[in-house]
Ligand SMILES: [Zn+2]
């Protein structure tokens, strides 16, 4: 019999069913074991590992032990809307600003529109972003996690989706 907090320390079939019913075809691959971690620690771990769900946590008031960075998705499915963007197909693009020699790596379902707006608004104080390269991917979040890991090797810390700035001299600058 399922009792309150049954999922402490483990991933459960119920969590898997819940997330699959919300469009995450392989939810475990997006989850990390956060047993014993504080809120601050599991949020940092999610970001670092490029994961969406922390499991094994102390239960919420309704006995759920799974959380996104925002909160308990089983109590409030709004917390899944950000997470869902990660499993959405779209483009990873590389843009470069000639005036500053900065390179921006972004993820978008419509990158040409995104860059058009970035140039109108002067994203990062820059008005001359130009697309240099792009690729279509099935899951934008997984691509982002790979990019973050690659960039970490160059000492680039890129905390948020769609806004990674590379200093000049980074790999894309050699072309
Ligand atoms: Zn809950």
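All of the numbers you see were taken from the coordinates with simple rules; none came from a lab. In this text, all values refer to a predicted model and were calculated from it rather than measured experimentally. Note that we place each Cβ from the backbone using ideal geometry, even for glycine, and neighbour counts take in every protein chain shown.
Quick notes on this structure:
- Potential extension, residue 84-residue 138 segment - 0.36 nm per residue separation minus Cα distance: 18.2 nm
- Residue 75/residue 152 FRET efficiency (R0 25 Å; Cβ-Cβ; nearest 0.05): 0.15
- Reducing region 106-136 and region 18-90 to their Cα centroids gives an inter-centroid distance of 29 Å.
- Cα-based equivalent ellipsoid, region 13-86: semi-axes from gyration tensor eigenvalues, Å: 17, 14, 11
- Label-reachable residues, region 90-105, where backbone N falls under 16 Å from a point 7 Å from residue 130's Cα toward its Cβ: 94-104
- Label-point separation, residue 22 to residue 8 (7 Å along Cα→Cβ), nm: 2.3 nm
- Translational D in µm²/s for region 74-160 (Stokes-Einstein at 10 °C, 1.306 mPa s, Kirkwood Rh from C-alpha pairs): 113 µm²/s
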